Amino acid sequence: MINQTISPPVLSGPPVSRWRGPFPELRRDTLGFLLHCQTYGDVVKLPMGLVLELLLRQRDAAMYVLNHPADIKHVLVTNQDNYRKAPVAPSESRIFGQGVLHTEGNMHHHQRRLLLPFFHGNHVTAYADLITGKTQDLSDRWQDGTVIDIAQEMAYLTLSVIWRLLFGREASAEADTIRETIAVGQSLIKLQYDSLLASVTPLWVPTHTHRRLTRGLGAMESMIHRFIKERRESSHRNDDVLSLLLAATDMDGRQLRDEEIRDELMTFLLAGHETISNALTWTWFLLSQCRPVQERLTCELNKVLGDHLPTAADLPRLRYMKMIWDESLRLYPPAWSLHTRLAHTQDHLPSGAVLPSGAWVFISPWSLHRNARWFPDPDRFDPERFSEAANRTRLLFSYIPFGAGGRRCLGESFAELEGLLILATIASKVRLRLVDGQRIRPEPVMTLRPNVPVQMTVERAGITEPHFVVA
Ligand code: HEM
């Protein structure tokens, strides 16, 4: 009898530099390169180059880009215990510390169990009035015909919401420090993409950007420590994350130290507003490019809301708006790449590929969502892709804006509630038209943000008079 064994497919990928691996290509055009990688198969192997092999002391170090939903499910869910997050740049670990975003194993489970209930179910819907109230205050300030930078407006709005959630107070003067620090952080990340040296340089090396970032972080930290101290000293407890953390214990039953509380708060502050703000900015951009979709949305809002402010209870009836939101997250997923995973041991993927122990595994919602195999005519904005019928037939794990498995986004329910309420509140009052002559393109930094400010003109007149009626 002949013993037939099927050998795993030989993995290939685009040609890369012997010394510097795929990084020059990635730097030149990250998003384009990832799309190009799809043409090389379900699993694309990118040798990381001799420089990194030496630095990491890892022979044949390679990055493996996963393009097939079944393999993605395997890594993120089925065999997730075989993977951990790859080490981060020194600046990133200085910012997030031991917050839930970066820990592993039992500590990570403990943190998730503590924090998840706060961001789920009825608990998040209790924040609906806060969200719509703040949104209304903001949009009431927009005069008919004025030009606004919608990215900036959304950033301040979402920051003021998460601030209340975390600290139970209003963001005022602090908001500017935070936005500035985030902007410096973004430029540092960009610099790190452009230069390997920048990505391994510790933050204490006094470059211009490092000094600005350290100053900003210092200001944010002293603010957070002041809030912790004030709350510890008062007997007052709020329904906010700070109170939750002050009452919490670690795995050994000890109260959390100020540093641990700081790390979680910093994580939620950064993870919890930049993402939603970009998702909203892209949604306004897409709506401004597609009048029929905008009009159908107006119709739905008129029908469901009349002239009252949206509530959480209205959201299930705003089906078309949810389809728009989902499609926007498909085309412009704020988390354009998941955190790179490292394989503990060799792993056999459903597609037949074999990942060696120590493989760096790269999963990009950006390229997955724009793969014509799962989303025909992938660059076209079409909310119908998320109709109820389409949702039933979509291949699982082909759409992962919030990741999957044990590290799925902790703030997903909250993000959806906030995003949809902000959309409904604004779109029922004004229409936003993109100012002509701007070339808006996605720029992959910490999140997928527009490369330039997004100027939009506010139109108030005629918004309640759509051209057709939805059944
Ligand atoms: C549209 C908005 C958002 C998007 C697209 C998004 C996306 C994601 C994704 C893809 C991950 C998984 C990363 C990975 O597996 O490497 C993640 C993790 C996380 N997100 Fe979000 N997120 C959003 C909003 C939020 C909000 C509002 C919060 C908090 C209030 C939040 C907190 C977190 C945290 C703490 C994690 C880490 C979870 C863990 O590792 O256990 N996110 N997010």
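The values are calculated or read from the model by the stated rules, or taken from the named source; none is laboratory data. Note that the structure is a prediction, hence the values are computed from the model and not measured. With ideal geometry, Cβ positions are generated from the backbone for all residues, glycine too; neighbour counts draw on all protein chains shown. What goes into the accessible areas is simple: the full protein's heavy atoms, side chains included, and nothing from ligands, DNA or RNA. Shrake-Rupley method; radii C 1.70, N 1.55, O 1.52, S 1.80 Å.
Taking all protein chains together and rolling a 1.4 Å probe, residue 409 ends up with roughly 50 Å² accessible. Please give me, ordered by residue number, the trypsin sites (Lys or Arg not before Pro) of the range 195-293 that lie in loop per DSSP and have at most 12 other Cβ atoms within 10 Å. Those that pass, being in a loop and sparsely packed, are 254, 257. For the chain, the 222 nm mean residue ellipticity estimated from helices alone, with every DSSP H stretch of n ≥ 4 adding -39500 (n - 2.57) and the total spread over all residues, rounds to -14500 deg cm²/dmol. Taking a straight line from the alpha carbon of residue 73, these lysines sit under 23 Å away, with near neighbours fewer than eight places off in the same chain left out: 45, 85. The GluC sites (Glu not before Pro) of the range 29-136 that DSSP puts in a loop, and whose beta carbon has at most 11 other beta carbons within 10 Å, are 104. Computed over protein heavy atoms with a 1.4 Å probe, the carbon and sulfur contribution to the accessible area of the chain reaches 54%.
Counting only protein heavy atoms and a 1.4 Å probe, the chain has 46 square angstrom of accessible area per residue.
Here residue 190 is the anchor, and the aspartates and glutamates within straight C-alpha reach of less than 14 Å, apart from those fewer than 8 places off in the same chain, are 29, 92, 443.
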